[in-house]
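Please treat every number below as a calculation from the coordinates, not as lab data. From a predicted model like this one, the values you see are computed outputs, not experimental measurements. All Cβ positions, glycine included, derive from the backbone under ideal geometry; neighbour counts span all protein chains shown.
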Amino acid sequence: MDPGFTGPAQQLVEGPETATASYGTMDGDASDSKDRSEYSFAPYMAEFVGTCILVFTFGCVAVSPAPSVYKPTAAACIVTVMVYSTATVSGGHLNPAVSLTLSVLGLIPWQRMLGFWLVQVAAGMAGAIALRALLGLDMAHVKLPQAPLPPSLGAAVLAELVYTALLCFLVSCCLVSKRNNPKRDQSQSFGLAIGLLYVAGGYALRPLAGGAILNPAIALGLPFISHDAYLLYGIAYVLAELLGAFVGLRLFAILRAGSEDCCCNDEEHLEICMPQMSARLLGESLGTFAVVLTFGLNVIGESEATAWSSAAALISMIYALGKISGGYFNPAVTLAVVLSGRRKCSMADGLAYCGVQAVGAIAAGIVVAAPWLILG
């Protein structure tokens, strides 16, 4: 049994022997060949069902007459639910960008990635077609949520790229990092962290794209939901999201090199092995970037949920980076930790943290301004 077919926490840190035992199969036992065949098919079915429900729910939320302020949270909730529901069967990817990230990091074979891609895209189309069938002919007249600003493919694509990169970086940190997901104390917060990032992005991207997709399977399903969703937009979103996946996994690879590869390979000693300063500074700058970016886009877009969206971004980044840099992301918090006298952060480290936090905030400000420059 391939370890890529276990749940995310187990799949990413345990070997084939443990994964096989977890499914109750034994290599070389002919009597269990039927069970082994069923387990080989189960992950693909889980990805199909999970992604189909995900796309169907996203579509229902999009066309619902409910107040728009609740829609990003509703979409984020189904992401969290389906990730947890399918995690122990397929890993709970439900997203070609996530599957690509884990494959490039060497955690699932590329053949499995291609298989997941196939069922995820098929499920996205099936979910969209099911929604059209449910609503009947009226679906042709349904308009998906439009961005408050004048439509701009460039601005929407840039936003999707950035937040998909953050999503794939978050997934890698929560599931791949030995500090966040050790064998003896596996992470149970990954689904919540992923859902919270959808809350952050869902409100932040409303001024630019009407909401966050961050999933090629959903992007390819949009043309099947509404005549107003052009295939060109779907393809552009897919390319941006896959590029964002590469950016996110590359950032994680750099972070891991300074937080784990420099230390001993024994997970038991990671807690007493301080990550390199470069990794901690990178973590603080990226976390600050995500929080300030989310806050800035919400403010510019006059969001009714700025506090909720910004808090979600902060919590998700703390889940991802708290055990690497401390997860301060704020010079005021950094100063408080330095002055607490608990030796959690020295004065020199605190000054360095404040410096990279400022850099992350400035970079976020530039990205916030970029769509408006693109728009004219």
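Brief remarks on what is shown
- Per-residue Karplus couplings for the stretch 206-218, computed as 6.51 cos²θ - 1.76 cosθ + 1.60 with θ equal to phi - 60°, are listed in order as 4, x, 9, 10, x, x, 9, 9, 6, 8, x, 5, 6 Hz, Gly and Pro entered as x.
- Fully extended contour minus Cα-Cα distance, from residue 333 to residue 304, at 0.36 nm per residue: 7.9 nm
- Relative to one another, the C-alpha centroids of the stretch 315-342 and the stretch 170-233 are positioned 24 Å apart.
- Karplus-derived HN-Hα couplings along the stretch 275-283 (A = 6.51, B = -1.76, C = 1.60, θ = phi - 60°), whole Hz, x at Gly and Pro: x, 4, 4, 4, 5, 5, 5, 4, x
- On the beta carbon distance between residue 257 and residue 363, with R0 = 22 Å, the FRET formula returns roughly 0.55.
- Linear extension gain, residue 347 paired with residue 69, 0.36 nm per residue minus alpha-carbon span: 95.9 nm
- Cβ-Cβ FRET estimate between residue 232 and residue 133, R0 fixed at 22 Å, reported to 0.05: 0.35
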